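Student: This structure is in C-alpha cells; I'll ask about it shortly.
The values are calculated or read from the model by the stated rules, or taken from the named source; none is laboratory data. Since this is a predicted model, take the numbers as computed values, not measurements. Glycine also receives a Cβ, built like all others from the backbone with ideal geometry; neighbour counts cover every protein chain displayed. Quick note on the areas: whole protein, heavy atoms, side chains included, nothing else; ligands and nucleic acids left out. Shrake-Rupley method; radii C 1.70, N 1.55, O 1.52, S 1.80 Å.
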Amino acid sequence: MSTTIFPSYDGVVYKFVTDTWANTRNAHSGTLNVTSSYYIQNSHTSGRGGDTYQIGRYFLEFDTSSINKTITDATLKIYGNTMGTLDVILLKSSQTGAVLAGDFNEIANAAFPLVLSDGSGAGSFEPLSGIKKYSLEIDTWSTSGYNDIALTDDAKADIIANDTFNCVLIGHGYDFRDIAPSEAWYRAQFYQDAFGGTSRDPYIEVEEQENSVFFGCNF
C-alpha cells in the first residue's frame, strides 16, 4: 500500500554573517524563509570587513501517525529549481511544530560536534553514531523535477515508531563535514510547501507491507 504524506511544517533557516565559519555553523538562530521557492547554501566570500559565510538548513515535519506497518520503501521527494551545485544529506532533526528562526541548530544530537567546529573537519558529523543519517549523500540535484531521496532504515524505523517525522536537509561537503568553503558558494534550490497547489510540493511516499491472509485447509 502506498501512502503520500505532505509536510505539516517546513522552512529554511540560514545564517548569513561576517564572522568565522565556526561561529556561523554553531549559531543558535538564523533567518527563517518559508516562501514557495528558496535554497540552502554553503558559501564564503572575503572582503574588507572580513570573511562572510552562509549556511542554510531545510527543516521538515511530517505527520506519520497513520503509518504502523512494516515499510518496504520510503522516499522523500523535493522538487528542485534553478541551481543545484550543493551536495546534500538528510538527517534527523529535533525541531517541533512550525519552523522558527531559532531552530537553526536543531539537528538531533549535534550539539557536541557543532561546538567543535573549526572549518577543517573537527566538528564533522560523520564519525558520530548519535547523528542519524536519514539518507546517503545526494551528489546530484535536479533543477527541473523531483529529487528522489531514498530514506534509510533508521528513517523508516522512526516513521513507524513516532507520530511525527522530523528531518533536516543540509550541505554534505561543507556543513556536514565541517569543511569551510574558500571563496566559493554552492546552492541547492527547491520548492517549499508554500508553493501554490501540490504539483511541486515536497512529500514522502511510503510503501507499507500488505498484511497476508492465510486460509487453512482441513483434510
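Student: Could you work out the local net charge near Gly173, counting Lys and Arg as +1, Asp and Glu as -1, over the other residues with Cβ closer than 13 Å to its Cβ?
Tutor: -4
Student: Still on this structure, please answer the following. Could you look at region 1-95 and say what percent of its accessible area is carbon and sulfur, using a 1.4 Å probe and all protein chains?
Tutor: Exposed carbon and sulfur together represent 46 percent of the surface.
Student: Find the accessible area per residue for the chain; the probe is 1.4 Å, ligands and nucleic acids are left out, and the unit is Å².
Tutor: Using a 1.4 Å probe on heavy atoms only, each residue of the chain averages 47 Å².
Student: Tell me, what is the percent relative contact order of region 1-57, built from C-alpha pairs under 8 Å that lie six or more residues apart?
Tutor: 42
Student: Can you tell me what percent of all Cα-Cα pairs in the chain are more than 21 Å apart?
Tutor: 53
Student: Is the shape of region 93-187 rounded, prolate or oblate, going by the alpha carbon gyration tensor and its root eigenvalues a ≥ b ≥ c, with a/c under 1.5 for rounded and a/b larger than b/c for prolate?
Tutor: Oblate.
Student: Could you work out [θ]222 nm for the chain from helices alone, using -39500 (n - 2.57) per DSSP H run of at least four and dividing by all its residues? Round to the nearest 500 deg cm²/dmol.
Tutor: That calculation yields -2000 deg cm²/dmol at 222 nm.
Student: Taking the Cα centre of the chain as the origin, how large is its charge dipole in debye, to the nearest 20, when only Lys and Arg (+1) and Asp and Glu (-1) carry charge on their Cβ atoms?
Tutor: Dipole size: approximately 420 debye.
Student: For region 74-119, state the average projected area of the convex hull of the C-alpha atoms over all orientations, rounded to one decimal in nm².
Tutor: 5.3
Student: At 1.4 Å probe size, with the rest of the protein present, what percent of the exposed accessible area of region 110-219 is carbon and sulfur atoms?
Tutor: The value for region 110-219 is 50 percent carbon and sulfur by accessible area.
Student: Would you mind calculating the relative contact order of the chain from Cα pairs under 8 angstrom and at least 6 residues apart, reporting the percent as a whole number?
Tutor: After rounding, I find 35 percent.
Student: Report, in whole Å, the centroid distance computed from the Cα atoms of region 37-104 and region 128-147.
Tutor: Cα centroid to Cα centroid, the span is 10 Å.
Student: Give a quick list of GluC sites (Glu not before Pro) in region 120-219 that DSSP marks as loop, anything other than H, G, I, E or B, with at most 11 other Cβ atoms within 10 Å.
Tutor: Those that pass, being in a loop and sparsely packed, are Glu183, Glu210.
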